Amino acid sequence: QFVKLSDLQDEFQAIGVNVGGMTYDQAETIQQFHTEWQLTYPLLQDVDGKHVDAWGIRNEAYGPGTFADGIPHPGVVLLSPEGEILAKWAEAGYRSRADWKTVFSEVRTLLGGG
């Protein structure tokens, strides 16, 4: 997901959307991934799943004490500069991913770019 987002970063920026990623992984893991894949956008840590819960994308199949507690449904969230959720694309489970072509098209429409 993060690598594909990197491929589309220029297209998103061309329509005025800044790109960032978020994961619940530890900071060291995030830094290693960021370096290994040479990401050119920030990859942030969602400490204690606060954003996953605020955005309503927590995968409820994994409860407290399970190996994947706090894991989100994979997806994309479009935020306004003020932090308001304008749209989100979250897939059930953990293996499916949002269709990037659809996300990009819908983002353009939401922002008035057709």
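The values are calculated or read from the model by the stated rules, or taken from the named source; none is laboratory data. What you are looking at is a predicted structure, and each value in this text was computed from that prediction instead of being measured. So basically every Cβ, Gly included, is an ideal-geometry build from the backbone, and we count neighbours across all protein chains shown. Protein only, heavy atoms only, side chains kept; ligands, DNA and RNA dropped before computing areas. Shrake-Rupley method; radii C 1.70, N 1.55, O 1.52, S 1.80 Å.
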Residue of P64, P74, P42 that the Gaussian network model of the chain assigns the largest fluctuation, springs spanning Cα pairs under 10 Å = P64
Kirkwood Rh, angstrom, the range 60-114 [1 / mean 1/r, Cα pairs] | 12.8 Å
Which label marks the calculated value of Cα extents along the principal axes in Å, given the options (i) 40, 24, 20; (ii) 45, 29, 27; (iii) 39, 31, 27?
-> (ii)
The chain - charge dipole about Cα centre, Lys and Arg +1 at Cβ, Asp and Glu -1, debye rounded to 20 = 280 debye
Can you give the three extents of the C-alpha atoms in the range 1-42 along their principal axes, from longest to shortest, in whole Å?
-> 32, 17, 14
In whole percent, what relative contact order does the chain give with Cα contacts below 8 Å and a gap of six or more residues?
-> 18 percent
Solvent-accessible area, 1.4 Å probe, carbon plus sulfur percent, for the range 63-107 = 54 percent
